[in-house]
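A short write-up of the structure that comes next.
Each reported figure results from applying straightforward, stated rules to the coordinates on display, with no laboratory input. What you see is a predicted model, and the numbers here were worked out from it, not measured in a lab. As a convention, Cβ positions derive from the backbone with ideal geometry for all residues, glycine included, and neighbour counts pool all protein chains shown.
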There are 2 protein chains.
Amino acid sequence: MKTIVLLCIGLSGLFAIIDAQFPHHCKSPPLMEGRLMVYVTKDNLVMFDRFSYDAFERRIRLREFIHVQNQTYHEDILLLFREGVYYSISYLNSTCVKKSFKGDFRPIEIPKDAKFQAQVVIGSLSEPGAGVLANNWNGKEDNVLYSATFTEFGCLPIMVLENSEAIGDVMASYFDMVVGIEDPDTFFPPSFCESVELTESDGLDPFTAIWVKQSN
Amino acid sequence: MKTIVLLCIGLSGLFAIIDAQFPHHCKSPPLMEGRLMVYVTKDNLVMFDRFSYDAFERRIRLREFIHVQNQTYHEDILLLFREGVYYSISYLNSTCVKKSFKGDFRPIEIPKDAKFQAQVVIGSLSEPGAGVLANNWNGKEDNVLYSATFTEFGCLPIMVLENSEAIGDVMASYFDMVVGIEDPDTFFPPSFCESVELTESDGLDPFTAIWVKQSN
């Protein structure tokens, strides 16, 4: 996987026919919902997420299946970055865990220092509805090498590959993206969480860590 | 990677809202050109290909960069399945290697026994041009587990993941697909190949093997 990240950065330019009219650093929608598959090679961990994302209020709701060490878990997580708190919710048992965490909100965006690498069509433009135009960007931020692909129209994420010493290789594929939030209540914990006491976190779990930019 | 292939098969259904109107086994165009990134985990081999594909005449032209064992190679390959011959061409040196090979043409298609798993949007349908509708299919053929994603309109390949004992895990991402062939001459070897004698192949190289279905 490290090879892929490095080669996306190094080799994709070989195919790119780039003229002076580079794509701009587009701005992704601040309110989005979608699905996400994340593969963390170091832990051989795969996650399938449904997520709701609010960059205004800095909050994320995740409903995910995590497959690691031949086990599959379900998690329902509400991350509130302004409060520095996350909830792990079980509707089945009407139970809730409320934990503090440290780290900044990590927006879904093309990093400011990212370099444009190539414009690609996923599928084809040979007929209507058969493809989507996307731009590949890459760079290095906080010792993390990344390769990020976003749609040309709408500036929506498609795939982000990352490589770092600390976490190893992470591949995130986004799909079923919708601009906006269907139900704003998704960012509030259910009533049975109200009486739960806050506990100190001993560090973020792997399934939440990818959303959090660790403070230096 | 094996985990991903298996989970694509096992878990993506959890997100699929499937009604009775299943997508049909669409037929991919017989003439296509495009680009392809292939990652073969067993050999830690990454290929970036430009390819032309002719399912009528069963021939494929590949121009590729191969990264393996910290080395990068360029290859220009013409595979002629009807003749059971492939050419390895170097325009730089005006040299050519002509080799025989065994194996059937492996069409780009959704396998007949593939099961529909989920319909997804890559990007978003929230605005025009921001996404493409695709279908995920999976199954097992000749002891190879696969997960294949093709566009709903046009039936063009987007991604194929495979896992087998023999080859390990192979991830193929297609992009910049065009229906048709820009220059039909691409399927003819250059003139300096005419006088080259045929040699017996001692087995296909990894960069051609993915296009060939081995005979049982």
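Some points to look at:
- Entries in A:K42/A:K98; A:K27/A:K115; B:K27/B:K99; B:K27/B:K98 that, when Cα-Cα distance is taken, lie over 24 Å: A:K42/A:K98; B:K27/B:K99; B:K27/B:K98
- Computed from backbone phi, the HN-Hα couplings of the range B:26-34 come to 5, 9, 6, x, x, 10, 8, 10, x Hz, rounded to whole numbers (Karplus: 6.51 cos²θ - 1.76 cosθ + 1.60, θ = phi - 60°; Gly and Pro given as x).
- With the helix formula -39500 (n - 2.57) applied to DSSP H stretches of n ≥ 4, the protein assembly as shown reaches a computed 222 nm mean residue ellipticity of -1500 deg cm²/dmol.
- Remark: relative contact order (chain B) = 24 percent; criterion is Cα-Cα distance under 8 angstrom and separation of 6 or more residues.
- Annotation: amide H-H contacts under 5 Å for A:L45 (H modelled 1.01 Å from N, sequence separation of 5 or more, or interchain): A:V40.
- Cubic angstrom per residue, convex hull over Cα atoms of chain A: 144 Å³
- Taking other C-beta atoms within 10 Å as the exposure proxy, B:V179, A:V85 rank A:V85, B:V179 from fewest upward.
- Copies compared at B:Y91 - label distances in nm, ascending, label defined 7 Å from Cα in the Cβ direction: 5.9
- Most mobile listed residue (A:G129, A:G103, A:G84) in chain A, GNM with C-alpha springs under 10 Å: A:G129
- Largest mean-square fluctuation among B:P111, B:P184, B:P30, in a Gaussian network model of chain B whose springs join Cα atoms under 10 Å apart, belongs to B:P184.
- Loop-exposed chymotrypsin sites (Phe, Trp or Tyr not before Pro) per DSSP, neighbour cap 15 Cβ within 10 angstrom, longest uninterrupted part of chain B: B:92-216
- Residue by residue along A:148-160, Cβ atoms of other protein chains within 10 Å of the local Cβ number 4 on average.
- Highest-MSF residue in chain A out of A:D185, A:D49, A:D104 [GNM, Cα springs under 10 Å]: A:D185
- Across peptide A:47-54, the mean count of Cβ atoms from other chains lying within 10 Å of each residue's own Cβ comes to 1.
- All Cα pairs of the protein assembly as shown, percent lying beyond 40 Å: 21 percent
- Largest to smallest principal axis extent of the C-alpha atoms in the range B:31-143, angstrom: 51, 31, 30
- Convex hull projection area averaged over all views, the range B:78-193, Cα basis, nm²: 10.0 nm²
- Which of A:I181, A:I158 has the fewest Cβ neighbours within 10 Å, and the rest in rising order: A:I181, A:I158
- 7 Å along Cα→Cβ, label-point gaps from A:F188 to other copies, nm, shortest first: 7.3
- Of the trypsin sites (Lys or Arg not before Pro) in the range B:107-140, the ones in a loop by DSSP (not H, G, I, E or B) with at most 16 other beta carbons within 10 Å are B:K112.
- Closest approach of a chain A Cβ to the axis relating A and B (residue, whole Å): A:V132, 2.
- Between B:F188 and A:L31, the C-beta separation translates, for a Förster distance of 35 Å, into a calculated FRET efficiency of about 0.05.
- Neighbour-limited loop hits for GluC sites (Glu not before Pro), the range B:117-172 (at most 14 other Cβ within 10 Å; DSSP other than H, G, I, E, B): B:E165
- Order of B:S124, B:S90, A:S195, A:S126 - criterion: other Cβ atoms within 10 Å of each residue's Cβ, fewest first: A:S195, B:S90, A:S126, B:S124
- Computed FRET value (nearest 0.05) for A:V196 with B:K42, which takes r as the C-beta separation and R₀ as 35 Å: 0.15
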